[in-house]
1. Within the P(r) computed for chain B, what percentage of the Cα pairs occupies the region above 28 Å?
2. Average partner chain C-beta neighbours within 10 Å, per residue of B:136-145?
3. With each run of n ≥ 4 DSSP H residues scored as -39500 (n - 2.57), what mean residue ellipticity at 222 nm is computed for the protein assembly as shown after dividing by its residue count and rounding to the nearest 500 deg cm²/dmol?
4. How large, in percent, is the carbon and sulfur part of the accessible surface of the stretch A:68-275 at a probe radius of 1.4 Å?
5. Provide the per residue accessible area, probe 1.4 Å, for chain B, rounded to a whole number of square angstrom.
6. Using alpha carbon coordinates only, what is the Rg to Rh ratio of the stretch A:187-284, with Rh defined as the Kirkwood radius?
7. With a 1.4 Å probe on protein heavy atoms only, work out how much accessible surface B and A bury together, total over both chains, in Å² to the nearest 100.
8. In the stretch B:99-235, carbon and sulfur make up what percent of the accessible area (probe 1.4 Å)?
Amino acid sequence: MSEVLKVDVGTAIDEIAPGSRARQQGRADRRRTVFVRCLQLGILIGWFALWQLTAELQILDPVLSKSPVQAWEWFVQAVESGELWSNTMATMTAVLISWVLASVVGAVFGLALGLLPTVERVIAPFLDAANAMPRIALAPLFIVAFGIGITAKVALACTLVFFIVMSGARAGVRSVDQEWLRMSAVMGASKLQVFVKILFPVATPAIFAALRLGLIYALLGVVGSELISAKDGLGQLISKYSSLFQMEAVYAILILLSLGAVLLNLLMLAAEQWLLRWQAPSDM
Amino acid sequence: MTTAIATDIDLRNVVVEFTSPDGENNRVLNGIDLDVPAGQFIALVGKSGCGKTTLLNAIAALVEPASGSITVCGANPRAARKNLGFMPARDALLPWRSALGNVEYGLELRGVGKQERRVISRKWLDAVRLSSAEKLWPWQLSQGMRQRVALARTWALDPEILLMDEPFAALDVTTRVAVQEEFLRLWQSERRKTVVFVTHDLGEAIGLADRVVLLADGDVLYDVDVGIERPRDLRDIAADPRFQEIHHRLRSAI
């Protein structure tokens, strides 16, 4: 009798411990990663070189033809003068506030809708209509209502992030396995316990994916609002320098924004990896 | 003078009906009478759709009977839930909890303190010989291991009655026998819990249970005491004449 059980445990141990074949796989993977990184670096350098070239040759309109070197020079002086820092802070503060606020509300709303199918049926068409409207069109309205401070930016970004996170939570809750609910019911779980201990963890992967998307859209919403009218922020800087035809500044800020977005995305991915480490790898 | 044995589960004329999607009224249980005394291991068998899982669900208060009464430990099924342990067909392990976390789940729901929870869960995980797997995630466990974690989770709550819905159906033959023996060992090691075991496998039913009830179309067709002595050797039990007699009778009735 015990031999069979030992075999069971034994096979399991084999399943989890990395064998030598796994290590060889690791080396091949790493070589490929290095190769990929080299290619990516090459593309990046190539792109900058091309940009520099087109700027020097003035292939485009002289107003637009500003080189990476010029953008860098503007960047350095903007950092030194403090202008870049204060505006970046203004934008990122608005992004953070709107993202956190709208995500919490969106997640709770989405979870609740997932649990109340009748309510969902009633509200769904209204939500879909609201989501279909280009929210950027609300920006002037918010600016008139709240002024050119941080509130208008946060308001606009919230309208974007809310729907994203709500959809994620709603979808996440649906993927709950009925067996878990049955078992919890027989174990005497209260509705609150089911909500916290089952529904929330079930929805977490979907919520997390939505959070990651939401962050990007929060940035979009804030910068969008700033472009239209704001007293500070990176979007406002882009607007100002565009009207002054100082395109090198605009290019520098655009690159900064995309770097920022990439960084945020990477941070979220890392957080997701850690929080969701209980998930089976997708190639299983 | 005889002392009355406390009946753990008592079903009287239980009728359960379901409305099918096209509006028809489906009678799944047709007035079932069943007495399960405390400490008995009873197996419910029958082909798919005979109502055995519905009967189990009715005892667990997951399904309301249209008429008739069900008494569990002297109370109605919902009130008696705290005395029940439920093992579903698939292990229903929560994927975001480690093996130990899963065993702790029921205790957490009951508000048992963290230290005490840990101790009890570790003890039961050890009883099913999975101490080394306590930090693993469910996806890292084999089917047999998962079912054993589910066993530990159920046993950690120390229920008086165990309701089991084809718990070993998803296991391959070798693992199944090993887990069955593990289960019997646990069951026999202390004051015997009442077990209601649903299965479509006649051999499993006769091998494990004290009593086998055959259901067909919502009625009890056969109710037979197994009468084979314990402890039983599950590998050789098929050779036992009494086993073969019951197996033959049940199989011809299905």
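1. Result for the distance tail: 35 percent.
2. 4
3. It lands at -19500 deg cm²/dmol.
4. On the stretch A:68-275, the fraction of accessible area on carbon and sulfur atoms equals 75 percent.
5. Averaged over the residues of chain B, the accessible area is 43 Å².
6. Value, to two decimals: 1.22.
7. Adding both sides of the contact gives about 3300 Å².
8. Carbon and sulfur together cover 48 percent of it.
The values are calculated or read from the model by the stated rules, or taken from the named source; none is laboratory data. Just so it is clear, the model here is predicted, and its values are computed rather than measured. Cβ: placed from backbone, ideal geometry, glycine included. Neighbour counts: every protein chain shown. The protein model used for the area step is the full one, side chains on, heavy atoms only, and it has no ligands, DNA or RNA in it. Shrake-Rupley method; radii C 1.70, N 1.55, O 1.52, S 1.80 Å.
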